[in-house]
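Enquirer: One structure follows; several queries about it will come next.
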Amino acid sequence: MIPCPACGQELNVVTAVYDTPYFGKILLTSINCHCGFKHSDSFSAEIKDPVRFKLEIKGETLFSKIVRSTSGTVRIPELGLAMEPGPASQGFITNVEGILLRFEEIVEMAKRWNSDNEEAVKRCDFILEKLRKAMEGEERLTLILEDPHGNSAIIDDGVFMERLTQREAESLKTGLTVLDITGEDYLRRAIEGEE
Ligand SMILES: [Zn+2]
């Protein structure tokens, strides 16, 4: 038995193995407890080098799988959006559309927080419009996924993958989600850890 770090009761542990074409086997573990404690993460047994994946977001790639471990950073450079690892971040498996929906929630939240800032609201509306168009396959954006521990992946035949240099791997931020809504960096805690 594995005791819950929050309350000491027995944890419920679920694991799933995903066999992916060039990325090898990915293990997703998810633990939860009656008290509400939960955590999930993904691990690759086969790639441990720092990696960067790049995928064009278009109609055909909306349902490509994304495996994001707790050390993965997801970006959409055209919109200045990034989801970075933080103390509360969880690993997850989703698809490109799922990523766009997460960003949409984050931007909606930032819009509410900045409702008295006309420029910020305008910028949020602009980003929201782009995200919605992308979900309809009408806006070409780029999805970048970087992981200094090589535990994240975009699974798509057309994905571009490269190894990060040591320097790039070390420069990856940890801790906060960055949302660039007015040209400055607005630091907002991610609404992660929901799953
Ligand atoms: Zn518990």
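Enquirer: Counting only residues 5 or more places away or on other chains, whose amide H sits under 5 Å from the amide H of LEU141 once H atoms are built in the peptide plane?
Expert: ILE57
Enquirer: Let me ask something else about it. With contacts defined as alpha carbon pairs under 8 Å and 6 or more residues apart, what's the relative contact order of the stretch 47-188 in percent?
Expert: Taking the mean separation of contacting Cα pairs over the length of the stretch 47-188, I get 45 percent.
Enquirer: Count the net charge of all other residues whose Cβ sits under 12 Å from the Cβ of PHE53, scoring Lys and Arg as +1 and Asp and Glu as -1.
Expert: Working: positive: ARG52, LYS54, LYS65, ARG68, ARG75, ARG163; negative: GLU56, GLU146, ASP147, ASP156, GLU162.
Cβ neighbours under 12 Å give a net charge of +1.
Enquirer: If I model a spin label as a point 7 Å beyond the Cα along the Cα-Cβ vector, how far apart are those points for ASP125 and ASN32 in nm?
Expert: The modelled label-to-label distance comes out at 3.8 nm.
Enquirer: Something else now. Starting from the Cα-Cα distance between GLU97 and GLU56, subtract it from 0.36 nm times their residue separation and give me the gain in nm to one decimal. Walk me through the intermediate numbers first.
Expert: Details: separation 41, 0.36 × 41 = 14.76 nm, distance 1.24 nm.
Answer, rounded to one decimal: 13.5 nm.
Enquirer: Follow-up. Each residue of the stretch 86-103 in order: what ³J(HN,Hα) in whole Hz does its phi give by Karplus 6.51 cos²θ - 1.76 cosθ + 1.60, θ = phi - 60°, with x for Gly and Pro?
Expert: Going residue by residue, I get x, x, 9, 6, 10, x, 7, 10, 8, 10, 4, 4, x, 5, 4, 5, 4, 4 Hz, with x marking Gly and Pro.
Enquirer: Quick one: 3J(HN,Hα) in Hz for the stretch 160-169, Karplus 6.51/-1.76/1.60 with θ = phi - 60°, rounded, Gly and Pro as x.
Expert: 9, 10, 9, 7, 6, 6, 4, 5, 4, 4
Enquirer: Quick check on my link table: of LYS38/LYS130; LYS65/LYS133; LYS38/LYS58, which ones sit more than 29 Å apart, alpha carbon to alpha carbon? All intermediate terms of the calculation are to be shown ahead of the outcome.
Expert: Working: LYS38/LYS130 33 Å; LYS65/LYS133 20 Å; LYS38/LYS58 33 Å.
In this structure, LYS38/LYS130; LYS38/LYS58 exceed 29 Å between Cα atoms.
Enquirer: Estimate the FRET efficiency between GLU138 and MET161 by the formula 1/(1 + (r/R0)^6), using the beta-carbon distance for r and 30 Å for R0, to the nearest 0.05. Walk me through the intermediate numbers first.
Expert: Numbers: r = 26 Å, r/R0 = 0.88.
With R0 = 30 Å, the Cβ-Cβ based efficiency is 0.70.
Enquirer: For the stretch 47-188, how big is the tail of P(r) above 19 Å, as a whole percent of Cα pairs?
Expert: 49 percent
Enquirer: Quick check: the distance between the Cα centres of the stretch 139-174 and the stretch 54-111, to the nearest angstrom?
Expert: 12 Å
Enquirer: Let me ask you something else. Report the local net charge at GLU162: Lys and Arg +1, Asp and Glu -1, summed over other residues whose C-beta lies under 9 Å from its C-beta.
Expert: Values: positive: ARG52, LYS54, ARG163; negative: none.
Overall, the nearby charge balance is +3.
Bear in mind these aren't lab numbers, they're just calculated from the coordinates by the rules spelled out. All of these numbers come straight from a predicted model, not from anything done at the bench. Note: ideal-geometry Cβ built from the backbone for every residue, glycine included; neighbour counts use all protein chains shown.
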